[in-house]
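The structure under discussion appears below in the form of structure tokens.
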Amino acid sequence: MKLYYTDWSPYVRKVRIAAIERGLHSSIELVPATIGFAEGTLKTTNSELTTLNPSGRIPTLITDEENVIFDSTVIIHFLDGIGDVNPIIPSDYDKRIKALRLNALVDEVIDAMRHLSFEGRRPKEFRLPDYIDALNAKVLRGLSILEDESSEFESPSGDIDIGIISVGCLMQSIKIRHANSIFNRERKNLDSWADELFLRESMEKTKPPLT
């Protein structure tokens, strides 16, 4: 299998962590991706990736049968069908809904941060202050919910699911890549839980770069 990736994408990281947790990482070749925007602009660029995935987004997985799969949740669902290790998307209905709901919440936060990055690429005179304020508020609301619910999260030392993986990717991305932003404020329960999660081998091996 081939996975188009960048080492800073939290969406890619979710897939890589899932693969490590399920013992599949050695079966996946990592292919550096040229993603959709020219440096420092919003101008779309063409690449090998855009011929495979029209959105030009990562992660994009090429299976051994040369099928193209995209979206991190769909890819993880595909990986869950390989082997007999506990699935990352739980089989139990209640646990599955809980995990997917948490994953969806985190995805909304990550998408808001992604759009803030897009706004930062615009010339200053074309940025939309009200939109930026709304995105910032959306991220902070999501993080507040995660803090409130963190006492009910599964132990970071046991089996982890897609929701737990997503929260870990978000929190470490904030601490490493957004350390000086308004998002990196103290959240006692969530921080303590996340610090333990960061010690897992799958988290260590996929830790994002500083820049």
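Every number in this text was worked out from the coordinates using simple rules, so none of it is lab data. Quick caveat: nothing in here was measured; it's all calculated off a predicted structure. No Cβ is skipped: glycine too gets one built from the backbone with ideal geometry, and neighbour counts run over all protein chains shown.
What the table shows:
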{"read-out": "Amide proton proximity set for Leu30, modelled H, under 5 Å, gap of 5+", "value": "Leu3"}
{"read-out": "Simple Cβ-charge dipole of region 93-205, Lys/Arg +1 and Asp/Glu -1, about Cα centre, in debye nearest 20", "value": "500"}
{"read-out": "Calculated FRET value between Leu199 and Ser26, using beta carbons and R₀ = 22 Å, to 0.05", "value": "0.50"}
{"read-out": "Count of lysine pairs in the chain with Cα separation under 19 Å (8 or more residues apart, or interchain)", "value": "12"}
{"read-out": "Dipole moment magnitude, nearest 20 debye, the chain about Cα centre, only Lys, Arg, Asp, Glu C-beta charged", "value": "800"}
{"read-out": "Region 93-205 - percent relative contact order, Cα under 8 Å, separation 6 or more", "value": "32"}
{"read-out": "Protection-proxy order for peptides 190-202, 113-125, each taking the mean of Cβ atoms within 10 Å per residue, highest first", "value": "190-202, 113-125"}
{"read-out": "Mean separation of Cα contacts under 8 Å (6+ apart) over length of the chain, as relative contact order %", "value": "23"}
{"read-out": "DSSP bridge orientation in region 1-150 - percent antiparallel, rounded to nearest 5", "value": "65"}
{"read-out": "Set of region 149-178 residues, backbone N closer than 17 Å to the point 7 Å along the Cα-Cβ line of Asp92", "value": "152-165"}
{"read-out": "Area projected by the alpha carbon convex hull of the chain, averaged over all directions, nm²", "value": "12.0"}
{"read-out": "Axial C-alpha extent at least 24 Å, average Kyte-Doolittle at least 1.0 - helices from the chain (DSSP)", "value": "none"}
{"read-out": "Hypothetical label at Val85: residues of region 1-19 whose amide nitrogen lies under 19 Å (7 Å Cα-Cβ projection)", "value": "1-4, 11-19"}
{"read-out": "Local electrostatic count, Pro90, Cβ distance below 11 Å [Lys/Arg +1, Asp/Glu -1]", "value": "-3"}
